[in-house]
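Visitor: Following this message is one structure expressed as structure tokens.
The values are calculated or read from the model by the stated rules, or taken from the named source; none is laboratory data. Note that the structure is a prediction, hence the values are computed from the model and not measured. All Cβ positions, even for glycine, are placed from backbone atoms using ideal geometry, and neighbour counts span all protein chains on display. Heads up: the accessible areas ignore ligands, DNA and RNA and are worked out on the full protein's heavy atoms, side chains in. Shrake-Rupley method; radii C 1.70, N 1.55, O 1.52, S 1.80 Å.
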Amino acid sequence: MSDTTTITLGERTFVLDKEKAEAALASKKVINGRETMFFNILPLKYQWAYDLYKTMKSNHWEPEDIQMQKDVEQWRGSEISDVERWIIKMGIGYFSAAEGIVGDNILHVVREVVTAPELKLVLGRHAHEENIHADSLVYMISSLGLNPHECEAMFEDVPTIKAKNNFVVSNSRELRRDIDLTVSENKQALAKNIFMFGQVMEGTQFYGLFGMILSLYRQNKFPGIGQMFRYTLRDESNHIEVFRNLLNALVTENPDIWTDEFQEDLRQTMAEGVRLEKEFIRDCLPVAAVGLSADEFETYIDYIADRRLVNCRLEPLTGNTENPFPWLSEAIDLKKEQNFFEGKVTEYQKASSLEDTGYDDDDL
Ligand code: FE
Ligand code: MN
């Protein structure tokens, strides 16, 4: 006899079978799990995915809530150097393509193949946050009065931006077909995609510009843009965690993929991502600017890349790099700024979520 709960209401009797519910839970998998036409979110198997969804939602922000007057004044004035202006243009040029690439990969690759609804839930929020980031760039462009065609031209014509984008898109393209995810090789291709997008792209290749723009913000240059990048970075730290947990769950359920050879492949993928990021940094900082040294940014990328690898239980590339920018963790720490949430932003925030912004110090 199976364990059942019987509920009788008036003339109707409902029999709830505990075994069936347990079987449904057991058949929840990252890939190749139970596929139904229903969004069976309960019972939750991946609690972390649901928790991250809630954290991400409580961090909600809208670009228009951020004041851009000071940025516009500075952009038009004479106190900003040419290199500083170039960094802002590179930031807008790179991210306006990159945010879309990430969102597109989530919707057309990862969310398509995962089978557990709570994973689809958090991935839907993740994709939405990429839309917010893309929207924030449109807002920056229109506030500063930049020519949008010039931004488009940047990711067509700046070779180091093109190289970074092609690097991730080539992997994503291969997975856009019906692939048999019972085959180890194909599972590895998916795991590599999750590693590449979460740890190499969002986790490492975003951080050169994040550091430069926040370094300007620290000098009171472009405070509106800086604030949007702080919010974006807080979101990215959650995205890195979503993809790290996803990779971890995929490997736990499919230990056949985690071979020594595959681990080395991931390390080499990170090494290539780091190489491309360092070339890109040289383009962002062709000449030195106040408080900005390309050498230090390269060191920072080595430091970040090692942390991403170690957090995925992979061997670091350098192993002994120290963070050259300890101030950066403070610049990004939104916990200290409970009063920042003024106006409309406060309305998105539940009182409880103000106590914990979801910012994870581990992700710097
Ligand atoms: Fe983003
Ligand atoms: Mn992201």
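Visitor: If you go through segment 260-300, how many residues are of a type in the set (S, T, N, Q) and not in a helix (DSSP H, G or I)?
Guide: Step one: list which residues in segment 260-300 are of a type in the set (S, T, N, Q), which gives 263, 268-269, 293, 299.
With not in a helix (DSSP H, G or I) added as a condition, the list becomes 293.
Residues in segment 260-300 being of a type in the set (S, T, N, Q) and not in a helix (DSSP H, G or I): 1 in total.
Visitor: Output the number of residues of segment 85-114 satisfying the condition of being small (Gly, Ala, Ser) and either without any contact (Cβ under 8 Å) to a residue 60 or more places away in the chain or open to solvent by 40 Å² or more (accessible area, probe 1.4 Å) (or both). It would help to see each step written out before you state the result.
Guide: First, pick out the residues of segment 85-114 that are small (Gly, Ala, Ser): 91, 93, 96-98, 100, 103.
Now drop any that are not either without any contact (Cβ under 8 Å) to a residue 60 or more places away in the chain or open to solvent by 40 Å² or more (accessible area, probe 1.4 Å) (or both), which leaves 96, 100, 103.
Matching residues across segment 85-114 total 3.
Visitor: For segment 139-146, state whether one or more residues are closer than 21 Å to residue 273 by Cα and touching a residue at least 60 places away in the same chain (Cβ under 8 Å).
Guide: So in segment 139-146, the residues closer than 21 Å to residue 273 by Cα come out as none.
Within segment 139-146 (the criterion being closer than 21 Å to residue 273 by Cα and touching a residue at least 60 places away in the same chain (Cβ under 8 Å)), the answer is no, since none of the residues qualifies.
Visitor: Collect the residues in segment 282-301 that are among the hydrophobic types (A, V, I, L, M, F, W, C), open to solvent by less than 40 Å² (accessible area, probe 1.4 Å) and touching a residue at least 60 places away in the same chain (Cβ under 8 Å), keeping them in residue-number order.
Guide: Of segment 282-301, the ones among the hydrophobic types (A, V, I, L, M, F, W, C) are 284-285, 287-290, 292, 294, 297, 301.
Checking the rest, the ones that are also open to solvent by less than 40 Å² (accessible area, probe 1.4 Å) come to 284-285, 289, 292, 294, 297, 301.
Of everything in segment 282-301, those that are among the hydrophobic types (A, V, I, L, M, F, W, C), open to solvent by less than 40 Å² (accessible area, probe 1.4 Å) and touching a residue at least 60 places away in the same chain (Cβ under 8 Å) turn out to be 284, 285, 289, 292, 297, 301.
Visitor: Right, another one. Tell me which helices (runs of 4 or more DSSP H) are completely within segment 86-188 and hold 1 or more residues being among the basic types (Lys, Arg), modelled with pLDDT under 95 and away from ligand 2 (no atom under 16 Å from the Cβ), or say none if there are none.
Guide: Working: elements: 117-144, 148-157, 159-174.
In segment 86-188, the matching helices (runs of 4 or more DSSP H) lie at 159-174.
Visitor: If you don't mind, there's one more thing I want to ask. Give the residue, chosen from 12, 34, 76, that is closer than 30 Å to residue 279 by Cα, among the basic types (Lys, Arg) and surrounded by fewer than 16 Cβ atoms within 10 Å (Cβ to Cβ). First the steps, then the outcome.
Guide: Numbers: 12 fails: closer than 30 Å to residue 279 by Cα; 34 fails: closer than 30 Å to residue 279 by Cα.
From the options 12, 34, 76, the qualifying one is 76.
Visitor: Among the residues that make up segment 186-194, is at least one of them without any contact (Cβ under 8 Å) to a residue 12 or more places away in the chain and farther than 20 Å from residue 270 by Cβ? Don't jump to the end; show me each part of the working.
Guide: Within segment 186-194, the subset without any contact (Cβ under 8 Å) to a residue 12 or more places away in the chain is 186.
Narrowing the set further to residues that are farther than 20 Å from residue 270 by Cβ leaves 186.
Yes; the residues of segment 186-194 include at least one that is without any contact (Cβ under 8 Å) to a residue 12 or more places away in the chain and farther than 20 Å from residue 270 by Cβ.
Visitor: Any chance segment 159-176 includes a residue that's within 16 Å of ligand 1 (Cβ to nearest atom) and farther than 26 Å from residue 87 by Cα?
Guide: yes
Visitor: Test residue 227 against the stated conditions and say whether it is assigned to a helix (DSSP H, G or I) and open to solvent by 10 Å² or more (accessible area, probe 1.4 Å).
Guide: On the way: assigned to a helix (DSSP H, G or I): yes; open to solvent by 10 Å² or more (accessible area, probe 1.4 Å): yes.
Spelling it out, residue 227 is indeed assigned to a helix (DSSP H, G or I) and open to solvent by 10 Å² or more (accessible area, probe 1.4 Å).
Visitor: For residue 259, state whether it is open to solvent by 50 Å² or more (accessible area, probe 1.4 Å), within 28 Å of residue 90 (Cβ to Cβ) and at pLDDT 95 or above.
Guide: Working: open to solvent by 50 Å² or more (accessible area, probe 1.4 Å): yes; within 28 Å of residue 90 (Cβ to Cβ): no; at pLDDT 95 or above: yes.
Here the answer is no, as residue 259 does not meet what is asked.
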